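Let me begin by presenting the structure, written as structure tokens, before commenting on it.
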Amino acid sequence: MTGTAVEAVSVLTGWGKGVRALPPDAARSAAGRAVIPLGRPALEGERFRRATRECLLGVAAVDALLRASETSREVVKGSSTALIYVTGGAYGAANHAWVVADTARRGAVAGTLHFPYTAPSVMSGEVAIEFGLTGPYGILIGGAAATIDGLWQATRLLESGRCERALVLAVETFEDCAELYARGRWLVGRPLVEAAVCALLVPGDLRTRYDAPRAPSALETRARTRAGETLACGPLIALALGREDGATGSIGVTGEWRGRRAGLYWH
Amino acid sequence: MEPKEVFDELKTILVTRLKFDPRRAVDLTPETTLPKGIESSIGLDSLDFIELSIAIEERFGIAMDESADLAPHFASFDTLSRFIASRTAGA
Amino acid sequence: MSQRAEPVSLVAAGVVTPFGADLDAFWSGLITGSDGISMIERFPVDDLRVGRGGEIKKLRPMPGARRVGCRATQLLLAAAADLLARSPISAEPERVAVVLGTALGGVGELERALAPGGRSRHAVGALYDSPAHALARRLGARGPVLTVGAACAAGATALGHGADLLRADVVDVVIAGGYDALCRFVMRGFDALRSLTRERVRPFDRRRSGLLLGEAAALVMMTREGATRGPRLGRLLGHASASDGSHIAAPDANGRGLELAVRSALEEAGLTPADVDFVSAHGTGTPLNDRIEAEVLRRSLGRRAAEIPVNSIKASVGHTMGAAAALEAVMCLLAGREGIVPYTLGLEEPDPACELDHVIGAPRAARPRISLSTSLGFGGCNAALVLEAVDR
């Protein structure tokens, strides 16, 4: 096997768990709400006492993926699993709180414990710690186009033998920075839907083509219509929708961000 | 301040600054050990200890000498309470 | 076991650092043992325990440019001006990619967005990938625009991703590198971590007591081998990353992620430790990092560890976070080209626990052909680059 394949995709959104929870039309179902929140996963253990909501969502998405694909934690643990994390703005909440605390000069936001969590790499770091992932990583910041780049990176790592499986994880939260997103409303769609999604890529027979299409794929459009604006989570939701349709092999996903659209096609 | 009063303040810090669940704080005793890796300890790591030191400085008005080896004082709530109590005694 | 990767050309570089506006100032500052650390003046630090860092005091005004408010973007544009003056881009816009590493992104703009008078453009500028897009727009690059958010190891992986894009023939030119600007956000942050030293930065020194931050932007122009005639800076032979999976803000006690990254990068380069002529260490000057890194380097380089010169430039310009790995890669290639290895400023009494062949006190006459550069970052990020210098 010199190619790759998508083994499974987990989807957690503000609409619920899985693509079946997505409404037929997110804009209509939002009924004027700007943000559809995902809440804070109730994860057991003092281990997560310091972690931000974004970290917990990442852990929850990977956990959901492992359950859905009946992959044990033992299998993914170690240096043969790559972790690619993509986000357009999940670092926003922690960064926003940090700046606000500085302005207020209050000790209410715990400084030492808070600051590391302003780094996007700590979000994926908490996932790596939780699942014992010690292989290659990628951390890409951007919207849906960055996810396509991340998926492509994952296929490169698999094809070159740098890993035996790859997790491509995207997390987006908007609630804490809703006001900032409102100011940049031309950049993002509505409603903003919080999401945490993860794809498992493994060696397979399919090759991938990575390019720059002009138009969105049908799956990209469907994902946006049904899920809403999920920034980096979009292409993985699209992947899940395609698989739900019964696509078992050839599948293509596209994603656009700030004027650039990228596409990845398994064939 | 008496060590017992200090201990109560430390439990508050554990919740407000170190993000422990308040129900957990109720179970703590002065004998509870602090550093991660020791059995039955509350499991604080290096990051927690920095935050705790800063919180202690702010709450009790004492200065931690960074060049000194303070690890023995941070072994348990009892050692820490006594350390803080002795530092506030002269203040 | 991974396959050997095709080398990629590093054609030219452009930088802006606390030493000055371009690559020549950077190299000259390193060779003369200059100290780029000063009291920070651009924003208030009087309430912090440490108010010093590698601050860039003066930026050249960009001719004909609309006023750019974001400091990070200003640094990138300055580095790009230096780069393009040495080697213009000659490829179709769709075939030019921008891949940048950063720890902070547009965080300076977030501070402005949340301050009185904050505007919409500050909110957009606050996105971590905004500076990369601003650079791409200025360069007219219409290929992929990637922002690597791997904290202080991001610059290395930016070069690695860039190389992958070229090998796969996605683009013909990659402008890759890293940047970060000093701001109150990060100074207060590292202050809260008690990571900053109140004294000098002393990488690997037994008296070391912490790091100081700096700001910089470092860009390299990368192409496939043989795509450009004319002087090349060198080649990127290998890149690898590995997570520690142990702690969010401290390195793994055994440095396992760094060791794996080093081993994998050498494997990708088709080389062994016996081929390494020089190591550019992460060497922040913190008690823990330096010891662990030295242990990993000794283990990885084996018997040759005592003979391979090692340096860290983090005392010279400060820890420039997202720019650091890219800056250090450039330094490795300059050392190979010029036949001089800069010494580790601040290192006077090597810690026995950090035993390595440190370059101390004065630059060393040596012409390293193969360099290994190591970087670590928050979240357990570890990255290594294997570079090859070319003769003048």
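For C:V279, the amide hydrogen comes within under 5 Å of the amide hydrogens of C:V310, C:N311, C:L372, counting only partners 5 or more places away or on other chains and with H modelled in the peptide plane. Note on the stretch B:3-89: Cα Rg divided by 2.2 N^0.38 Å, N the number of residues, gives 0.98. Under the simplified labelling scheme, the A:D205-C:E6 pair shows an inter-label distance of 2.8 nm, with each label point 7 Å from Cα along Cα→Cβ. With 24 Å as the limit on Cα-Cα distance, the pairs of C:K57/C:K314; A:K77/B:K19; B:K11/B:K36 that go past it are A:K77/B:K19. Peptides C:145-151, C:339-345, A:117-123, C:51-57, ordered by how many other C-beta atoms sit within 10 Å of their residues on average, highest first, read C:145-151, A:117-123, C:339-345, C:51-57.
Close amide H pairs (under 5 Å, H built 1.01 Å from N) link C:V99 with C:L146, C:I175, C:A176, C:G177, residues at least 5 positions away or on another chain.
Here C:S28 and C:S120 are evaluated by their C-beta separation; at R0 = 35 Å the FRET efficiency comes out at 0.25. Averaged over peptide C:236-246, the number of partner chain Cβ atoms lying within 10 Å of each residue's Cβ comes to 6. By the helix-only formula, in which each DSSP H run with n ≥ 4 contributes -39500 (n - 2.57) and the sum is divided by residues, chain A has a 222 nm mean residue ellipticity of -10500 deg cm²/dmol.
A simple rule links phi to the HN-Hα coupling: the Karplus curve 6.51 cos²θ - 1.76 cosθ + 1.60 with θ = phi - 60°, which for the stretch B:37-47 gives x, 9, 4, 6, 6, 7, x, 7, 10, 4, 5 Hz, with x for Gly and Pro.
So what's the back-of-envelope 222 nm ellipticity for chain B, counting only DSSP H runs of four-plus at -39500 (n - 2.57) apiece and dividing by all residues, rounded to 500?
Mean residue ellipticity at 222 nm (helix-derived): -16500 deg cm²/dmol.
Between B:I62 and A:S160, the simple label model (points 7 Å from Cα in the Cβ direction) yields a spacing of 5.4 nm. A simple spin-label model places pseudo-atoms 7 Å from Cα toward Cβ; at A:V100 and A:S250 they are separated by 5.0 nm. Computed over Cα pairs, the Kirkwood radius of the protein assembly as shown leads via Stokes-Einstein (1.002 mPa s, 20 °C) to a diffusion coefficient of 83 µm² per second.
Looking at the square roots a ≥ b ≥ c of the eigenvalues of the Cα gyration tensor of chain A, which shape do they give, rounded for a/c under 1.5, prolate if a/b is larger than b/c, or oblate?
Values: a/c = 1.72, a/b = 1.21, b/c = 1.42.
It is oblate, given that a/c is not under 1.5 and a/b is not larger than b/c.
Extension gain, C:A274 to C:S38, is 81.0 nm, computed as 0.36 nm per intervening residue step minus the present C-alpha separation. Annotation: extensible slack from C:D391 through C:R95 equals 103.7 nm (criterion: 0.36 nm per residue apart, minus Cα-Cα distance). Computing FRET efficiency as 1/(1 + (r/R0)^6) for B:L28 and C:R198, where r is the C-beta to C-beta distance and R0 is 22 Å, gives about 0.05. Scoring A:148-160, B:62-74 by mean Cβ neighbours within 10 Å over their residues and listing the highest first yields A:148-160, B:62-74. Shielding value for A:125-131 is 6, the average number of Cβ atoms from other chains within 10 Å of each residue's Cβ. Adding -39500 (n - 2.57) for every DSSP H run of four residues or longer, then dividing by how many residues chain C holds, sets the calculated 222 nm ellipticity at -9000 deg cm²/dmol. Can you classify the stretch A:119-267 as rounded, prolate or oblate using the Cα gyration tensor, where a ≥ b ≥ c are the square roots of its eigenvalues, rounded means a/c under 1.5, and otherwise it's prolate if a/b beats b/c and oblate if not? Taking the square roots of the gyration eigenvalues as a ≥ b ≥ c, the stretch A:119-267 is oblate.
Could you work out, residue by residue across C:184-191, how many beta carbons of other chains sit within 10 Å of that residue's beta carbon, and then give the average as an integer?
4
Computed from the Cβ-Cβ distance with R0 of 25 Å, the FRET efficiency linking A:S69 to A:M1 stands at 0.90. Sequence-ordered 3J(HN,Hα) estimates for the stretch C:150-155 from the Karplus curve with 6.51, -1.76 and 1.60 and θ = phi - 60° stand at 8, 6, 6, 9, 5, x Hz, glycine and proline given as x.
Any read-out appearing in this document is the output of simple, stated calculations on the displayed coordinates, not a laboratory observation. Since this is a predicted model, take the numbers as computed values, not measurements. No Cβ is skipped: glycine too gets one built from the backbone with ideal geometry, and neighbour counts run over all protein chains shown.
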